[in-house]
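*Asks:* This is the structure I want to talk about, given as structure tokens.
The values are calculated or read from the model by the stated rules, or taken from the named source; none is laboratory data. Quick caveat, the model's predicted, so the values are computed rather than measured. Cβ atoms come from the backbone with ideal geometry, glycine included; neighbour counts cover every protein chain shown. Protein only, heavy atoms only, side chains kept; ligands, DNA and RNA dropped before computing areas. Shrake-Rupley method; radii C 1.70, N 1.55, O 1.52, S 1.80 Å.
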Amino acid sequence: MIRSPEESPLHRMTHPESIVFFGASNNPNSMGTSLISSVLGLNYGGRIYPVHPKDETVQGLKAYRRVADLPEVPDLAVVVIPTGAVSQVLDECGEKGIRRAIVVSGGFREVGGEGKDLEKELVDTAKKHGIRFIGPNCIGIANPHHRLNTTFLPFEGKPGFIGMASQSGSFVTQMFGFLSRQEIGFSTAFSVGNEANVDIVDCLEYLGVCPNTRVIALYIEGIKRGAEFVRLAREIVPHKPIVALYVGGSESGRRAGFSHTGSLAGPDRLYDGAFKQAGVIRARTVTELFDFCSVLGALPCPRGNRVVIQTHSGGPGAAAADSCGRAGLDLPLLSTSTVEQLRSFIPPTASVNNPVDITFFKNPFQYFSDIPKALIEDENGDILLMYFLVPSRLVAESVKLLGIPESEVEEHTKKLLGSLAVSMKDLMKTANKPVVGYTFSSMEEYAMQAMLKEGIPVFPEPDRAARAAQALVQYAEFRNRAL
């Protein structure tokens with residue numbers, strides 16, 4: 001395994017100082033134009049050189065007739081041209097001295113027949129010049145920390161901590177908005193396509209040492225180098241969690257994967273065993289994949305599987321308890337000292353069993369301070385699962401009672417809710433135990449958004465929260481076993 005990102009052939013791909021584009025034009029409907037527009041749209045700071053046989057400018061940039069005419073040797077070539085011309089262009093890139101490329105063009109092994117021969121020719125051309133390339137039949141790379149996005153959709157959100165390698169191209173782009181709404185995002189994301197030269201194992205190795213990546217997400221249709229994958233994952237897991245979604249286990253998934261990228265899938269049980277052997281956490285759905293990544297990248301590891309539930313309503317507490325039970329998590333009784341602490345904060349009608357049901361507040365702000373502090377410090381618990389119901393409207397009414405002018409109520413409300421989220425983050429940091437939230441309220445509520453911004457994951461149902469907590473426990477077990 002490499003020890004630094006600079007040792008990887010993928011480092012210059014993810015951090016290019018200059019890019020040459022083949023296939024971009026002034027036609028707004030072409031794929032090449034979409035790609036160069038995405039790069040420009042993220043305010044990429046490097047130099048961009050479009051190559052076009054006729055136009056003197058492309059998207060406002062000076063264009064060149066041939067790659068040989070470029071004023072320098074670019075770090076990266078992005079190629080989206082007709083399939084039959086790709087090998088020739090790659091050969092010209094090699095003659096220029098370019099050693100990294102993204103081949104977006106499709107029509108290779110995934111279509112069979114002549115496509116297989118064209119892909120072999122492409123591989124041979126790259127080998128001739130020592131070129132490493134991603135693709136073909138992919139959309140390339142997104143590295144928002146470097147303001148790089150070679151995909152066909154504009155980047156949404158902000159740089160994050162999830163490093164991804166995907167055997168589906170559009171999957172990466174469609175996750176931009178999905179992750180942004182959860183206040184998380186990609187550190188670096190690869191679409192590997194047909195994996196003719198660079199495969200998902202190469203990407204895993206790079207992400208294992210990428211300094212911006214705290215958790216690795218894999219979308220898998222089939223792994224060619226199984227033994228290398230297991231060996232590498234076992235080296236990475238003690239330092240970074242890996243979550244995988246394998247979609248080739250069913251017959252339908254196998255057929256779809258083969259027609260998609262030409263990947264050959266294996267039996268579901270084979271992959272399940274390989275993941276367990278490697279310490280990789282398996283997700284069953286796309287939602288689970290990123291639910292797991294959100295907690296694994298943001299929260300401390302728990303010491304065990306004991307969960308304390310805090311709620312101010314019986315129904316959400318019972319639902320969470322049931323979800324925890326289904327996820328194999330234990331609900332311990334609170335210690336005597338914790339119960340004594342709680343008595344001064346909660347009404348006589350409250351339940352100090354687990355779930356801890358407050359029922360109503362003497363002081364509503366203690367729900368985010370004294371009460372969770374007592375619970376998270378309890379020696380019997382490893383994870384705090386909190387139910388959040390904080391309607392902005394009711395908080396605003398409380399703010400008005402303080403004599404705040406109507407024009408300033410919204411601002412003060414947001415500040416107040418933001419301070420509650422900060423206090424929860426500080427509490428979690430001090431206790432070094434994870435806090436996972438759930439709610440039946442809208443995720444658009446400012447209180448939920450404030451929690452997400454401060455790194456407190458909140459899920460729109462207790463079942464997702466419990467499964468995410470179980471992923472934390474599973475990773476802790478994998479890591480402890482590896483260490």
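*Asks:* Please list, ordered by chain and number, the residues whose modelled amide H lies under 5 Å from the amide H of M386; skip anything fewer than 5 residues away on the same chain.
*Replies:* Q310, V436, G437, Y438
*Asks:* Amide H neighbours of C301 under 5 Å, at least 5 residues apart or on other chains, H built in the peptide plane: list them.
*Replies:* Here the answer is none, since no amide H 5 or more places off falls under 5 Å of that of C301.
*Asks:* Hey, what number do you get for the chain at 222 nm if only DSSP H runs of n ≥ 4 count, each worth -39500 (n - 2.57), divided across all residues, to the nearest 500?
*Replies:* Taken over the chain, the calculation gives -13000 deg cm²/dmol.
*Asks:* Output the peptides 55-64, 201-210 sorted from most to least packed, where packing is the average of other Cβ atoms within 10 Å over each peptide's residues.
*Replies:* Details: 55-64: 14.9, 201-210: 23.9.
Put in order of decreasing packing, that is 201-210, 55-64.
*Asks:* Something else: What residues have an amide H closer than 5 Å to that of L148, excluding those fewer than 5 places away on the same chain, when H is modeled at 1.01 Å from N in the peptide plane?
*Replies:* Placed amide hydrogens put N143 under 5 Å from L148.
*Asks:* Further question on the same structure: With a ≥ b ≥ c the root eigenvalues of the C-alpha gyration tensor of region 37-107, is it rounded (a/c under 1.5), prolate (a/b larger than b/c) or oblate? Write out the running numbers ahead of the final one.
*Replies:* Values: a/c = 1.37, a/b = 1.27, b/c = 1.08.
It is rounded, given that a/c, with a ≥ b ≥ c, falls under 1.5.
*Asks:* Just the C-alpha atoms of region 306-347: what Rg/Rh do they give, with Rh taken as the Kirkwood radius? Mind dumping the intermediate values first?
*Replies:* On the way: Rg = 11.7 Å, Rh = 11.5 Å.
My calculation of the ratio gives 1.02.
*Asks:* When the Karplus curve 6.51 cos²θ - 1.76 cosθ + 1.60 is applied with θ = phi - 60°, which whole-Hz ³J(HN,Hα) does each residue of region 318-332 get, with x for Gly and Pro?
*Replies:* Once rounded to whole Hz, the list reads 5, 4, 5, 4, 5, 5, 5, x, 5, 8, x, 9, 8, 10, x.
*Asks:* First compute the accessible area of the chain with a 1.4 Å probe, then give the percent of it belonging to carbon and sulfur atoms.
*Replies:* Exposed carbon and sulfur together represent 50 percent of the surface.
*Asks:* Explain nothing, just compute: Karplus ³J(HN,Hα) = 6.51 cos²θ - 1.76 cosθ + 1.60, θ = phi - 60°, for every residue of region 103-115 in order, whole Hz, x for Gly and Pro.
*Replies:* 9, 7, 3, x, x, 9, 4, 5, 9, x, x, 4, x
*Asks:* Another one. From the backbone phi of region 156-165, what are the Karplus-calculated ³J(HN,Hα) couplings (6.51 cos²θ - 1.76 cosθ + 1.60, θ = phi - 60°) in whole Hz, Gly and Pro given as x?
*Replies:* With the stated coefficients, region 156-165 comes to 10, x, 9, x, x, 10, 9, x, 10, 10 Hz.
*Asks:* Give the shape of region 1-145 as rounded, prolate or oblate, defined through the alpha-carbon gyration tensor: a ≥ b ≥ c are the square roots of its eigenvalues, a/c under 1.5 means rounded, and otherwise the shape is prolate if a/b is larger than b/c and oblate if not.
*Replies:* Since a/c stays below 1.5, the shape of region 1-145 is classed as rounded.
*Asks:* Same structure again: Highest mean first, what order results for 3-16, 229-242 on Cβ atoms within 10 Å?
*Replies:* 229-242, 3-16
*Asks:* Work through the residues other than H145 whose Cβ is under 14 Å from its Cβ and net out their charges, Lys, Arg +1 and Asp, Glu -1.
*Replies:* +3
*Asks:* Figure the gain on full extension for R479 and K128 (residue separation times 0.36 nm, minus the Cα-Cα span) and round it to one decimal in nm.
*Replies:* 122.2 nm
*Asks:* For region 73-109 and region 406-428, compute the distance between their C-alpha centroids and round to whole Å.
*Replies:* Spelled out, the Cα-based centre of one part sits 51 Å from the other.
*Asks:* Ranked highest first by average number of other Cβ atoms within 10 Å, how do 351-361, 333-343, 103-113 line up?
*Replies:* Listed from highest to lowest mean packing, they are 103-113, 351-361, 333-343.
*Asks:* Let me ask something else. If the cut-off is a Cα-Cα distance under 30 Å, which lysines reach K425, setting aside same-chain residues fewer than 8 apart in sequence?
*Replies:* Partners within reach: K158, K240, K362, K373, K400, K414, K415, K433, K453.
*Asks:* So for L118, L35, what's the accessible-area order with a 1.4 Å probe, most first?
*Replies:* My answer, sorted largest first, is L118, L35.
*Asks:* For a quick check of your reading of the filter: which GluC sites (Glu not before Pro) in region 427-483 sit in a DSSP loop and have no more than 12 other Cβ atoms within 10 Å?
*Replies:* Values: sites: E444, E445, E454, E477; in loops: E444, E445, E454.
Sites meeting the loop and neighbour criteria: E444.
*Asks:* Checking the a/c ratio against 1.5 first, then a/b against b/c, what shape does the Cα gyration tensor give for region 126-244?
*Replies:* oblate
*Asks:* Can you list the residues of region 6-25 with backbone N under 17 Å from a point 7 Å past the Cα of L40, pointing along Cα to Cβ?
*Replies:* 19-25
*Asks:* Let me ask another. For R464, R214, R479, what's the largest-to-smallest order of accessible area, 1.4 Å probe?
*Replies:* On the way: R464 45, R214 120, R479 75 Å².
From most exposed to least exposed: R214, R479, R464.
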